[in-house]
Amino acid sequence: MVYLTADPHGDFGYISDFCARNSTSLSDVMFILGDMELNLGNMGSDRIRKGVLSSLPMTFLCIHGNHEIRPEHINSYQKTSLFGNTMYVEEEYPNIYFLNDGLVYHVSNKSFLVIGGAYSVTRMLDDYNNDLFCDDEQPSLEAMKLVDNLCNNRTDVDYVLTHTCPLSQIPYDACTIPVDQTKVDHSTESWMQNIYDQLRFHHWFCGHYHTNREKDKITFIYKKIIKLEQ
């Protein structure tokens with residue numbers, strides 16, 4: 001089975017309960033659409049959270065959020081190949097993988113384009129000075145070129161999995177952090193709008209906005225588990 005969730009922010013209790021109720025195994029796959037908080041830079045806390053998630057009977061495919069260090073910048077991660085493309089994994093946590101932005105993966109005979117990252121609006125708040133901000137929190141130019149090529153070649157994918165969403169789909173009523181949205185860096189969302197308009201896809205799933213709702217061809221997920229129909 002293939003499942004999706006988003007933005008657990010280190011709280012994996014609901015995933016643990018789900019695994020127990022559904023008697024899952026490592027043959028089951030769960031995409032996590034960002035902000036796992038597994039790579040915050042504190043080795044002790046990171047190891048605790050990774051240990052909890054890795055103990056669960058599921059294979060986790062993680063997409064980069066906007067509050068975590070990318071795995072390619074952490075020495076313990078090694079590049080490997082699975083589901084038709086490259087990804088990162090740590091030997092100690094063999095069922096937790098981090099996917100590469102702009103690549104297409106094939107799981108259960110379905111194709112998934114993944115794009116992580118987003119702008120951290122908490123950068124704009126004076127009382128969030130201790131929050132984790134990374135210079136590469138948004139998609140790289142290399143990843144953007146890979147996706148742009150897919151659009152230009154009129155590539156078909158079954159699903160688009162991202163952390164944030166296209167500009168026209170932003171659920172502004174769910175933006176509860178008190179900042180002026182007109183001053184937020186929406187360059188990633190603007191770029192994703194071109195993908196939404198040009199790419200041939202069946203459905204789009206994302207997180208980031210801490211809401212659960214359907215909007216056009218997009219499903220927003222927050223600490224909810226969705227089973228992907230086979």
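The values are calculated or read from the model by the stated rules, or taken from the named source; none is laboratory data. The structure presented is a predicted model; accordingly, all values stated were derived computationally and were not measured. We place every Cβ from the backbone using ideal geometry, glycine too, and count neighbours over all the protein chains shown. The protein model used for the area step is the full one, side chains on, heavy atoms only, and it has no ligands, DNA or RNA in it. Shrake-Rupley method; radii C 1.70, N 1.55, O 1.52, S 1.80 Å.
Among the criteria (1) in a strand (DSSP E or B); (2) farther than 25 Å from T155 by Cα, the one L26 does not fulfil is (1).
Checking T80, T59, T24 one by one, the residue that is touching a helix residue (DSSP H, G or I) at 6+ places or on another chain (Cβ under 8 Å) and of a type in the set (V, I, T) is T24 and no other. Within the range 32-60, residues that are more than 23 Å from L161 (Cβ to Cβ) and β-branched (V, I, T) reach no partner that is open to solvent by 20 Å² or more (accessible area, probe 1.4 Å) and in a helix (DSSP H, G or I) with beta carbons closer than 6 Å at six or more positions or on different chains.
Is one or more of the residues making up the range 213-223 among the hydroxyl-bearing types (S, T, Y) and over 18 Å from the mean Cα position of the chain (by Cα)? Within the range 213-223, not a single residue is among the hydroxyl-bearing types (S, T, Y) and over 18 Å from the mean Cα position of the chain (by Cα).
Any residue in the range 36-51 that is part of a loop (DSSP other than H, G, I, E, B) and more than 18 Å from the chain's Cα centre (by Cα)?
Here is the first cut: in the range 36-51, the ones part of a loop (DSSP other than H, G, I, E, B) are 36-42.
Going one step further and asking which of them are more than 18 Å from the chain's Cα centre (by Cα), we end up with 41-42.
Yes, because at least one residue in the range 36-51 is part of a loop (DSSP other than H, G, I, E, B) and more than 18 Å from the chain's Cα centre (by Cα).
Of the numbered criteria (1) at pLDDT below 90; (2) open to solvent by less than 30 Å² (accessible area, probe 1.4 Å); (3) among the β-branched types (V, I, T), the one T182 fails is (2).
Among the conditions (1) within 30 Å of G13 (Cβ to Cβ); (2) surrounded by 13 or more Cβ atoms within 10 Å (Cβ to Cβ), E214 misses just one, which is (2).
Take the range 52-75 and flag every residue that is open to solvent by 10 Å² or more (accessible area, probe 1.4 Å), in a loop (DSSP other than H, G, I, E, B) and modelled with pLDDT of 95 or more. Passing the criteria: S55, L56, P57.
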